[in-house]
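Participant: Shown below is the structure under consideration.
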Amino acid sequence: MIKVSNIERFATHDGPGIRTTIFLKGCPLHCPWCANPETWTLDTILMHDEKKCVRCHCCQKVCEKMAIDFDPDFKINRNLCDGCQKCMDVCIPEAISFSGKEMTIDEILEEISKDDAYYKNSNGGITLSGGEPLFQFEEVFKLIQILKEKGYHIAIEITGMYNLNVLKKVEPYIDLFLHDIKHLNKEKLESITGASKEIIFNNLDYLSKTCKEKVIIRTPVIPGFNEEIVKDIILYAKEKGFKEVNLLPYHSLGKNKWHNLKKDYVYENEKMMDKSHLSSYTELGKELNICVKIGG
Ligand code: SF4
Ligand code: SF4
Ligand code: SF4
């Protein structure tokens, strides 16, 4: 079984052509700008939309674990909640939803095969995303092997936070790595995101030596975090021989998910970053002879 957060059909930003992106549960990092915070844990996790809630208290009445409270707003005690989903069944305005569904490999294959004709006609394929898609390595590796056997183009959006042996096993099956670099400074990277610089950059070294042509570096550009070192990231990518850098301007599209998970969102008042803010880096890329794109 694989714990899936969401399957998005007709994706066009996560690799070439028309794709299906499978968002997998589980991430070892905790980036405060994360657009998919519901993927961090493998648990099936309750989300509550305050704007839809009419405070009828039906969810509280049906919850045998007494996990729901109002004071006066909806509160969930995740230590008590067993994920039975009875609260969702009685919530007529659909204010309660759950992220995380166990799927068999066959169920995933059935879902993605619906768009086989589109992948073929557009040179598209399947993108594994998350979370960190290799977090559930054993089962996900089986899926990757089957996808390869069936001839799908496989892209993977990864953080680099896993054992090098995992990367060595998976690398031959992957057509495109969309590999994060969030920061080059060890202290900043580790204290803000929970990543290990040593692990991530060892893995990037391995990729640069074995298959650099399959790697695109992706950097979310976050105000107050890494805006000042974007040029250094491009220079690093050039030095390692990677073919492309994608700069992803900060956006707040995940903000509601933080609210619905009842977590504090650090960038509450931060405006979305305009693409034009980063356009000078495409020029820098031309000077350095490395492709730099704004957006994915
Ligand atoms: S059942 Fe739904 S609408 Fe009613 S209080 Fe609970 S979350 Fe709100
Ligand atoms: S999922 Fe079940 S245990 Fe959790 S809050 Fe809803 S009713 Fe209660
Ligand atoms: S690595 Fe990605 S999924 Fe994980 S916390 Fe950071 S932004 Fe979110």
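Participant: For Phe98, Phe242, which order do you get if you count the other beta carbons within 10 Å of each Cβ and list the fewest first?
Facilitator: Phe98, Phe242
Participant: In degrees from 0 to 90, rounded to the nearest 10, what is the angle of the helix 137-149 Cα long axis to the longest principal axis of the chain?
Facilitator: Roughly 60 degrees, rounded to the nearest 10.
Participant: Taking every pair of alpha-carbon atoms in the stretch 233-292, what share in percent sits in each 10 Å bin, from 0 to the bin with the longest distance?
Facilitator: 20, 35, 23, 20, 2
Participant: Is there a pair in Lys75/Lys188; Lys65/Lys257; Lys182/Lys214; Lys114/Lys214; Lys114/Lys238 whose C-alpha atoms are over 29 Å apart, and which pairs would that be?
Facilitator: The answer is Lys75/Lys188; Lys114/Lys238.
Participant: May I pose another question? Along the charge dipole of the chain, pointing to its positive end and built from +1/-1 on Cβ of Lys, Arg, Asp and Glu, which listed residue (Met47, Leu204, Ile108) has its Cα farthest out?
Facilitator: Leu204
Participant: Here is a further query. On a full-extension model of 0.36 nm per residue, what is the gain between Glu213 and Asn163, subtracting their alpha-carbon distance, rounded to one decimal in nm?
Facilitator: Using 0.36 nm per residue and subtracting the Cα-Cα distance, I get 15.8 nm.
Participant: Let me check I have the definition right: for the chain, take the eigenvalues of the Cα gyration tensor, multiply each by 5, take square roots. What are those semi-axes in whole Å, largest first?
Facilitator: Its equivalent ellipsoid spans semi-axes of 34, 24, 17 Å.
Participant: Something else: Could you state the per residue volume, in Å³, of the convex hull enclosing the Cα atoms of the stretch 45-99?
Facilitator: Spread over its residues, the Cα hull of the stretch 45-99 gives 69 Å³ apiece.
Participant: Gain in length, Lys188 to Glu239, computed as 0.36 nm per residue apart minus the alpha-carbon separation, to one decimal in nm?
Facilitator: Net length gain for the segment: 16.2 nm.
Participant: Only loop residues by DSSP count here, and only those with at most 13 other Cβ atoms within 10 Å; note down the trypsin sites (Lys or Arg not before Pro) in the stretch 146-208 that meet that.
Facilitator: Lys150
Participant: How many nm separate the modelled label positions at Glu107 and Val54, each set 7 Å beyond the Cα in the direction of the Cβ?
Facilitator: 3.1 nm
Participant: What angle, in degrees between 0 and 90 and rounded to the nearest 10, separates the Cα long axis of helix 230-240 from the longest principal axis of the Cα atoms of the chain?
Facilitator: Taking the Cα atoms of the chain, the angle to 230-240 is about 60 degrees.
Participant: Please give the length that would be gained between Ala117 and Asp232 if that part of the chain were fully extended, namely 0.36 nm times their separation in residues minus their C-alpha to C-alpha distance (nm, one decimal).
Facilitator: Extending this stretch completely gives an extra 37.3 nm.
Participant: So for the chain: antiparallel DSSP bridges make up what percent, rounded to the nearest 5?
Facilitator: The antiparallel fraction comes to roughly 35 percent.
Participant: Using unit Cβ charges (K, R positive; D, E negative) and no other charged atoms, how large, in debye to the nearest 20, is the dipole of the stretch 45-99 about its Cα centre?
Facilitator: Approximately 40 debye in magnitude.
Participant: Rounded to the nearest 0.05, what FRET efficiency do Leu80 and Gln145 have when you use their Cβ-Cβ distance and R0 = 51 Å?
Facilitator: Efficiency for this residue pair is about 0.85.
Participant: With charges set only on the Cβ (+1 for Lys and Arg, -1 for Asp and Glu), what does the dipole of the stretch 75-197 come to about its Cα centre, in debye to the nearest 20?
Facilitator: 480 debye
Bear in mind that the values in this text are calculations on the coordinates, not laboratory data. Everything numeric here is computed off the predicted structure, so don't read it as measured data. Virtual Cβ from ideal backbone geometry, glycine too; neighbours counted across all protein chains shown.
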